[in-house]
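The values are calculated or read from the model by the stated rules, or taken from the named source; none is laboratory data. Note that the structure is a prediction, hence the values are computed from the model and not measured. Every residue, glycine as well, gets a Cβ built from its backbone with ideal geometry; the counts of neighbours run over all protein chains shown.
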């Protein structure tokens, strides 16, 4: 069966950062994006709340311990040429929120794009 129309949902390789690398300054969660991202999912599987950023400078959103966030940037958009995307080259960053660093776990970033 062939696909006559539509956009394929594809995923980039998962990115992660282990608890020992998370401190008071922003650290990149893996490499920069290689595709224009339509959806992402972040998992904070550490034991403390963490702060996240998409520029490594400004605070954008926190996630509680064992929390996750799913963002569908182009909700219900069927065009592969229009709409919002998170641009190629963007990196996601994380740092601890308070004075205590995480003692176990990792953060994970899963990203999806349309093709």
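Yes or no, residue by residue, for (1) part of a loop (DSSP other than H, G, I, E, B); (2) modelled with pLDDT of 95 or more:
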| site | (1), (2) |
| --- | --- |
| 16 | no, yes |
| 34 | yes, yes |
| 48 | yes, yes |
| 75 | yes, no |
| 79 | yes, no |
| 90 | yes, yes |
| 94 | no, yes |
| 102 | yes, yes |
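Per the conditions (1) buried (at least 16 other Cβ atoms within 10 Å of the Cβ); (2) modelled with pLDDT of 95 or more; (3) within 24 Å of residue 114 (Cβ to Cβ), the sole criterion not satisfied by residue 63 is (3). If you go through region 55-65 and keep only what is under 13 Å from the mean Cα position of the chain (by Cα) and closer than 13 Å to residue 96 by Cβ, you end up with 62, 63. Counting the residues of region 39-54 that are under 17 Å from residue 102 (Cβ atoms) and either touching a strand residue (DSSP E or B) at 6+ places or on another chain (Cβ under 7 Å) or buried (at least 17 other Cβ atoms within 10 Å of the Cβ) (or both) gives 11. Checking 22, 37, 29 one by one, the residue that is in contact (Cβ under 8 Å) with a residue 12 or more places away in the chain and farther than 17 Å from residue 71 by Cβ is 22 and no other. In region 1-8, the count of residues that are touching a strand residue (DSSP E or B) at 6+ places or on another chain (Cβ under 9 Å), under 21 Å from residue 87 (Cα atoms) and at pLDDT 95 or above is zero.
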